[in-house]
Each structure stands twice: as structure tokens, then as C-alpha cells.
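Written below as C-alpha cells is the structure these notes are about.
The values are calculated or read from the model by the stated rules, or taken from the named source; none is laboratory data. Because the structure is predicted, anything quoted here is derived from the model rather than measured. Reconstructed Cβ throughout: ideal geometry from the backbone, glycine too, with neighbour counts over all protein chains shown. Each accessible area value is taken on the protein alone, full model and side chains, heavy atoms only, with ligands, DNA and RNA left out. Shrake-Rupley method; radii C 1.70, N 1.55, O 1.52, S 1.80 Å.
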Amino acid sequence: MVGVPRSTGCQLCRKRRVKCDEVRPLCGNCTRYGAECPGYERNLKFVSEKHHVRTKKKNQSTSPGGGSVWTVSSPATTASSSHGSHSPASSNHSIMVIEPAPNRGQFITTMVETARVAIEERDASGYFSWVRFGTVGSFAILDGALCSLAMHLVGKEMKDSNMIARSRTIYGQSLHSLQQALNHPNRWRASETLCTAILLCVYELFAGTNSSDSWLQHARGIGILMEQRGAKAHREGWDAAMLLSFRGVLIMSDLFFPRGDECFLTRPEWREVMRDRGRHLLQAPDFSDEAIEAVDEFNNRLAEIPAVVKVGFPVMEAAKQGLPIDLDAAAKTCRLAAACHIRMTEFWSTYGHLFPEPFESPSLDPLSLYPVVLRYEKRWASTLQMGYYATMCLLQEFMQKLGWTQPFAIPQKEYASIILRSVEDISQGPLGPYRIGYALRIAYELADAEAQQWIRALLDRFKSTYAATDKQSYPEMRTDNEGYR
């Protein structure tokens, strides 16, 4: 089963086998001797045990952050690891979530670590790398959000409907606590409040709620919260990592539901804090500075696209319906789209060498629209590559429909075909639909009727693990013979 070490001291004190005073965030021993305190995160250990069911108990013990401690017990058998090593999400033994007893932090850390391993066993991503584990067990509002997301991910991995249902209950409680914190004169600014909001939005991306676009509305609210906190509040450390990890979702929410003339991340003060190069707040130390710079630059340029869509979308819709169009808005859209197109082209000229060419391979999906698909070596590179292709598709479609006559180096049809042939590979793993979501949404808009029907079938499959791909948020299928494939 999944367990944690009994010692509650910081990692360095446990390693040195000395008594830790457990002062947070830095223990007294580390402070006294000038050592960098590594925090209180506890590594999990795997204990082989026979299958048995532990009876649930009512437990309302409290912790320094207030609130209740959740009791969850869920044995399940999983497939043995292909690497032959034991881990919480890959073994031929049962996985059991231990009861937290008086220590809520231990329980939640165990849940998060189980979720992390469940994801990274099949989808190396460092998805929880930006969550600061040193705060676990200290803030009830953050613990609830973190626990609800981790329990949902583990429940999906283990196919445990009870755990999934419990995660939704905790999500509802956490959402109520978040609303109270946002209405508090001081707590709304706290890093823990922001992290809670982000985690609950990520929960909605994966688990869904009664509304298929709730995550978009939630993301817009987080953008407003960040704006009110100010760029300086996100300059360093945990707050900077949260901004960097969530910037893609913020841009997507502004892209599909613009709330201003421009995305706030395009402002000079925000561009300064939207860079991770040299800090490695998200990526592992072996991730090159140039690759981090490429990710930063792409997101900075992607943040400019919502301004194009805000002006151009009404014009495009009017043109589709044969209605008179606003000529000034059309001309402005063309100028904005052309400027963004140049900047995106420059981005690819500078960083394109970081993205290995895909290789062709027979499809393994009997329902695939393509007998030969494209596969990629690096997950991060392929994700960004699809984002680039989708953005070029979007810009070129606006420009062409609004009077642009010059030919493009690569036409939309080719970009769309690459995206659709890449779906089978990039959508693999727990985070696959998250990685391909933006590109697939843009490709759907440009695809012909048969390809759109195929995409909608894919969305039904993705929805079981990633609710944000609900086809209810997509436009109806086209009825004409136009579109690309």
C-alpha cells in the first residue's frame, strides 16, 4: 500500500536523524546553521500487502489550517509496471489510501504523490511541479482543492467511482471556501487563495461540472484576480510559478471569450514576469534555457491573438451569413493578424530547430481517419508545435477571408492536415487531450464535414478523462462541402 515515513520533521533533519522543531516554513535547525531547509514533503514508500477493505470512519479532526480531515479508503489492483519498479500507480499489488489520522498534510501529500505517479507513469509532464508542498496541511482552503483534484485523478486511474464522487464533494466544499476567501478584505490576495482558484479550475478541466464551459468562466475570474494582485505579486517564487503554469489557460479563456481589447498578459509589466528562463520554476534542471525561452516567447506571442479574434470574429460571422461587414473592423483585423503572423513566423525561424520533424507510422486506431499518422519524440515540443500550427491556421484564415491576396509559405490546409494526423500520438496519456485541445479546436473549425464528424467521436472518447473536450462547446458540424482535411 502507499504509506509515508512516520517522522514529521523536515527532510534534512530526517536525513541527519536529529530532532526537528518543525517550525514552518523553515525549521529552526536549518535556520540556525544557515542550511537551505528542503521542507516537509514526505517521500512515499511502497509496502506489499494483501488485498483488504478498510471500513470508512467519520473523522472530523482539525489541523492548523482548520477544516476537516478526509477519510478515504479505496483498494484496487493495477497492472504491473513495464519498468519492473513498484510505484503507487504501477504495481501488481493493491493501492490503498491511508487514513490521515491527525495529520491531514500526510494524507494529502500521499494523494498528490499517487496522482503524480499515476500521470507521469504514462505521461511524463511534471504536472504538479509548481504546487508548493511545504504549505500542505497548513491551509484548509488549499488542502481541499488539492485533495479534490488528486482524488479525481487517482479515482479515474483506478476506475474507482466512490473516490471520484468523494472528490466532487470536496470540490464543492472547496469552491464555497474559495468564495468566502475572495470576499475577505485580506485573504483574497493570499497566494494560497490564488493556488486554490487555479486548482479548482484545473479540476473543472478534468472532471467537468454542470456547464461545459465552467472552466472558461473560472479562468476569466482567475485572470481578473491576477490583474488585481498586480504583476509585481507574480514576479518571484511560488506566485511566479503559478502564473507560468496557468498562462496557457488564461490565454485560451481570452481567446474564446474575450473580455477586453487585449489580453492583460500582453502589457509590458506582465511580459516581464511571463518568463521562466534561468529560473526553472516549472521545468527540470536538465531542460535547456533555450527551450524554456522558446516556451516563454511562444506564450508571449500567443497572448496577442485574442485581440485579433475579438475584432475579427464578428466580421467573419457576418461574412459567413452574407451580411454587410464593418470595413474598418475588417481592415483592423487584417493589420493585427498580419502583424501577429510576422511575429509567429519570426518565432519559428528562431526556434524551429528545437522541434524534431515527426515520423510517419501506421495508425493503431481502427477508427482513425488516417491510415498513416505522425509521431513525435518530445511531448513538450510536439505540444508547442501543434499550438504554433493552430495559430498560423487561425491567422491565415482571418487574413484570407478578409481580403489578403498574397500566398502563404504553408497554406492552412497543410497545417490542419498535420494537426489531425498528429492527434493519435499527442493525445496519448492522461494529459493528452489537454495537450492537443487548442490545436484540435482550431482544426475543427477548418475541417470538412467528414473530419468534423471524426473529431466529434474523438471528443466523446476524450471526455471520459478530460471534460474540457465536451463537444457541446464546439460549433455544429458544417453542412457544406468546404473545409480541409
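Residues in segment 183-238 that are more than 22 Å from Y171 (Cβ to Cβ) and charged (D, E, K, R) were compared, and the one that is least open to solvent (accessible area, probe 1.4 Å) is R229. Between residues in segment 323-342 that are more than 15 Å from N300 (Cα to Cα) and of a type in the set (S, T, Y) and residues that are open to solvent by less than 90 Å² (accessible area, probe 1.4 Å) and outside any helix (DSSP H, G or I), which pairs lie under 7 Å by C-beta distance while being six or more apart or on different chains? Every condition considered, the pairs that remain are T333/L402.
For segment 432-485, how many residues meet the condition of being part of a loop (DSSP other than H, G, I, E, B), surrounded by fewer than 22 Cβ atoms within 10 Å (Cβ to Cβ) and not polar (S, T, N, Q)?
Residues flagged as part of a loop (DSSP other than H, G, I, E, B), surrounded by fewer than 22 Cβ atoms within 10 Å (Cβ to Cβ) and not polar (S, T, N, Q) within segment 432-485 amount to 12.
In segment 410-437, the residues that are over 22 Å from S473 (Cβ atoms) form Cβ pairs under 8 Å with partners that are open to solvent by less than 10 Å² (accessible area, probe 1.4 Å) and among the hydroxyl-bearing types (S, T, Y), at six or more places apart or across chains, as follows: D425/S382.
I'd like the full set of residues that are farther than 18 Å from Y434 by Cα, touching a Phe, Trp or Tyr at 6+ places or on another chain (Cβ under 6 Å) and of a type in the set (G, A, S), limited to segment 199-249. Residues satisfying the conditions are A231, A241.
Table: residues versus (1) in contact with a Ser or Thr (Cβ under 9 Å, 6 or more places away or on another chain); (2) buried (at least 17 other Cβ atoms within 10 Å of the Cβ).
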site: A339; (1), (2): no, no
site: L364; (1), (2): no, no
site: S382; (1), (2): yes, yes
site: L395; (1), (2): no, yes
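Taking every residue in segment 359-370 that is more than 15 Å from Q428 (Cα to Cα) and pairing it with any residue that is part of a loop (DSSP other than H, G, I, E, B), at least 6 positions away or on another chain, the pairs with Cβ-Cβ distances below 8 Å are P362/P371; L369/R485; Y370/S363.
Every condition in (1) under 27 Å from the mean Cα position of the chain (by Cα); (2) in contact (Cβ under 8 Å) with a residue 24 or more places away in the chain; (3) open to solvent by less than 20 Å² (accessible area, probe 1.4 Å) is met by M399 except one, and the failing one is (1).
Hey, any hits in segment 417-430 for a residue that's under 30 Å from D328 (Cβ atoms), assigned to a helix (DSSP H, G or I) and open to solvent by 10 Å² or more (accessible area, probe 1.4 Å)?
no
For segment 149-172, the set of residues classified as surrounded by fewer than 19 Cβ atoms within 10 Å (Cβ to Cβ), within 15 Å of L199 (Cβ to Cβ) and touching a residue at least 12 places away in the same chain (Cβ under 8 Å) consists of R168 only.
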